[in-house]
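As structure tokens, the structure follows; a few thoughts come after it.
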Ligand SMILES: Cc1cc2nc3c(=O)[nH]c(=O)nc-3n(C[C@H](O)[C@H](O)[C@H](O)COP(=O)(O)OP(=O)(O)OC[C@H]3O[C@@H](n4cnc5c(N)ncnc54)[C@H](O)[C@@H]3O)c2cc1C
């Protein structure tokens, strides 16, 4: 693509009297940091992104975005206590088709964006009871869904007919290849002239008139700093203890397989009672994912693989003859209430972290929210439930933090 930067003047960032748009430094180049950078630069901001290249990554371990399955499936995992999060997930799901189209168009990198929906299957009578319960909860929520008998499921997915007793079909669910999304985002950011510095941010310095990014090679002043460092967000230096986001790593292991004749085993993403199965256009099938509280313990374990392979085999014995292509793990940024922290922590420091199991799904909405917060100087009301300050003992409620006009730059 061409390297020209085009900014819609009706959508541009507010500028100071001298015509200077805000300069934003972002800590973390996962899907959250890169998506925010893209939306900000489209609105005319100057953006620098810093990435440590993966602290605690190695031995088959990645940052969360690269490790993810790319399921965009809010209707599968919503819990009765997570109404606000479910709303945000639905909003972001609705943004994904345009986000993917625009990103594919600007980068020409195929994202394997699929709109076939997902299936949640029951393998035992107990599973059927649980699935019926979830189905009726989602009826009340108004989720688009259909109950499938074994025969109806067999028409959609013949390879599941022998094992599954019933299923929920969620036609609005989607999926994307997150690794392709990361490459595409870096590509479009490069074309906009945004630097993604392969450098760890040791600290943010918040004491001066403008905040600063501190790395071992030097410092960079900006108007705003956005911390989007995933599971590592707490360890960015310089954030006062009482502001540190309550984010912790939740390890997930996965593997991918392929059949010798490349016959796709499935057409839909399938959630079994123990694992999920995600077909890619390449013919590969992803099997995921474990959920483990083990800090930053890296490495794929035999126990993890056993859990995944056994879970997949129970639903679809045909995986037995599939060739293992890759195994890996990653660290989800878990938060205290399983919901993300999005928005101002103070006037110049913003958080976009703690997306836990939904960061790929939530990337478009998070990026829009941060771009609106900085460029329009007002947080959209649909992120008020995700205020980073909500865990403070003296948190007085959800409100917009007043930020100074950019004329003060
Ligand atoms: C196995 C697995 C499967 C998943 N499946 C799904 C799914 O199907 N759908 C879905 O929506 N979500 C899924 N998730 C969750 C999703 O991947 C995450 O919520 C999301 O990727 C978080 O993105 P992020 O950009 O916040 O963090 P990350 O992708 O972890 O990126 C954070 C970045 O910050 C950098 N960094 C850290 N510290 C510093 C520092 N001091 N200085 C500079 N850079 C720093 C790191 O190097 C890293 O690149 C899955 C996660 C895992 C692990």
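Available extension along the chain between residue 140 and residue 202 is 17.6 nm, counting 0.36 nm per residue and deducting the alpha carbon span.
For segment 254-298, backbone nitrogen atoms closer than 16 Å to the point 7 Å from residue 321 Cα along Cα-to-C-beta are found at 258-266.
Using only C-alpha atoms and all pairs of different ones, pull out the Kirkwood radius for segment 102-190 in Å with one decimal.
15.1 Å
Specify the angular offset, from 0 to 90 degrees and rounded to the nearest 10, of the alpha carbon long axis of helix 83-107 from the longest principal axis of the alpha carbons in the chain. Value to nearest ten degrees: 80. Antiparallel beta bridges, as assigned by DSSP with both residues in the chain, represent about 65 percent of the total such bridges.
When only Cα pairs below 8 angstrom with a gap of at least 6 residues are kept, segment 261-321 shows a relative contact order of 28 percent. Each peptide in 221-233, 173-185, 278-290 receives the mean, over its residues, of other Cβ atoms within 10 Å, and ordering these scores from highest gives 221-233, 173-185, 278-290.
Counting every alpha-carbon pair across the chain, the share separated by more than 36 Å comes to 25%. Between the helical axis of 31-42 and the longest alpha-carbon principal axis of the chain there is an angle of about 50 degrees. For the residues 271, 395, 113, a GNM of the chain with alpha-carbon springs under 10 Å puts the largest fluctuation on 395.
Ranked for footprinting exposure by Cβ neighbours inside 10 Å, fewest first, 291, 319, 49 give 291, 319, 49.
Of all the options 273, 240, 158, the one that moves most in a Gaussian network model of the chain with Cα springs shorter than 10 angstrom is 240.
Angle of helix 178-191 to the longest C-alpha principal axis of the chain, folded into 0 to 90 degrees and rounded to 10: 30°. This ranking places 384, 321 by how few other beta-carbon atoms lie within 10 Å of each, fewest first, which gives 321, 384. Placing a label point 7 Å from the Cα of residue 124 along the Cα-to-Cβ line, the residues of segment 274-312 whose backbone N sits under 18 Å from it are 274-276, 307-312.
Normalised by the number of residues in the chain, the mean separation of alpha-carbon contacts (under 8 Å, six or more apart) gives a relative contact order of 23 percent. Calculated on the Cα set of segment 194-283, radius of gyration then Dmax: 21.0, 62 Å.
Just so you know, all these numbers are worked out from the coordinates, no wet-lab data involved. What you are looking at is a predicted structure, and each value in this text was computed from that prediction instead of being measured. Cβ: placed from backbone, ideal geometry, glycine included. Neighbour counts: every protein chain shown.
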